[in-house]
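Only the coordinates and a few stated rules stand behind these numbers; no lab work does. Note that the structure is predicted; figures quoted are calculated from it, not measured. Because the Cβ atoms are built from the backbone with ideal geometry, glycine has one as well, and the counts that use them run over all protein chains shown.
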Amino acid sequence: MDELKPPVLRSLVWMGDSRRSIRGFPEGAQKLLGDELQLIQFGGMPKDAKPFKGVGSGVVEIALRYASDAYRVVVAVQIGKRIYVLHAFQKKSRRGIETPQHEIELIKQRYRHAQELEHGQKEETTH
């Protein structure tokens, strides 16, 4: 009989101002998003996470409605052993569910930087 192994907690790498952005969200939204990130760190996937298309493989978006606002956190989970928090923002678009183009461009830029970090081209702080 195999012994149960404790889950491995993958570390987070906060790209750009993503950590500060989450800290600017209401406390309840911060707690819910923190729980979702922790679930990902332990190998799970939140029920409200969906693939974020057009950036790269393994990029997911956590979409959260809190009070009457919408919050988004985009993470890369398949670049390497670490999880890269690419972007966090409050969705303010009045035109449906589409993510604004300037947000997508920022996510793409941070995804490329995360790939460079994972492949040892640059150093970044992990938490």
> What percent of all Cα-Cα pairs in the stretch 1-103 falls in each 5 Å bin, counting up from 0?
Replying inline: 2, 12, 23, 25, 19, 10, 4, 2, 2, 1, 0, 0
>> Suppose each label sits 7 Å from its Cα in the direction of the beta carbon; what would the Ala67-Phe42 distance come out to in nanometres?
In response: 2.9
> What angle do you read, to the nearest 10 degrees and between 0 and 90, between the alpha-carbon axis of helix 27-41 and the longest principal axis of the chain?
Replying inline: 40
> Along the charge dipole of the chain, Cβ charges K/R +1 and D/E -1, which of Leu39, Gln101, Ile62 sits furthest on the positive end?
Replying inline: Gln101
>> Show me the trypsin sites (Lys or Arg not before Pro) within the stretch 1-79 that DSSP assigns to loop and that have at most 11 other Cβ atoms within 10 Å of their Cβ.
In response: Lys47, Lys53
> What are the GluC sites (Glu not before Pro) within the stretch 2-66 that DSSP puts in a loop, where the Cβ has at most 15 other Cβ atoms within 10 Å?
Replying inline: Glu3
> Once you list every other residue whose beta carbon is under 15 Å from the beta carbon of Lys47, what net charge do they have if Lys and Arg are +1 and Asp and Glu are -1?
Replying inline: -2
>> Just to confirm the number: angle between the C-alpha axis of helix 101-118 and the first principal axis of the chain, 0 to 90 degrees, nearest 10?
In response: 20
>> Quick check on the chain: helices-only [θ] at 222 nm, where DSSP H runs of length 4 and up contribute -39,500 (n - 2.57) each and the sum goes over total residues. Nearest 500, please.
In response: -9500 deg cm²/dmol
>> Over 20 Å between Cα atoms: which of Lys31/Lys53; Lys53/Lys108; Lys5/Lys81; Lys31/Lys81; Lys47/Lys81; Lys47/Lys92 fall into that group?
In response: Lys31/Lys53; Lys31/Lys81; Lys47/Lys81; Lys47/Lys92
> Assigning unit charges at the beta carbon (Lys, Arg +1; Asp, Glu -1) and nothing else, what dipole magnitude in debye, to the nearest 20, does the chain show about its Cα centre?
Replying inline: 380
> What does the charge count near Gly34 come to, summing +1 for each Lys or Arg and -1 for each Asp or Glu among other residues with Cβ under 13 Å from its Cβ?
Replying inline: 0
> Relative contact order of the stretch 1-94: what whole-number percent is it, with Cα pairs under 8 angstrom and at least 6 residues apart?
Replying inline: 31
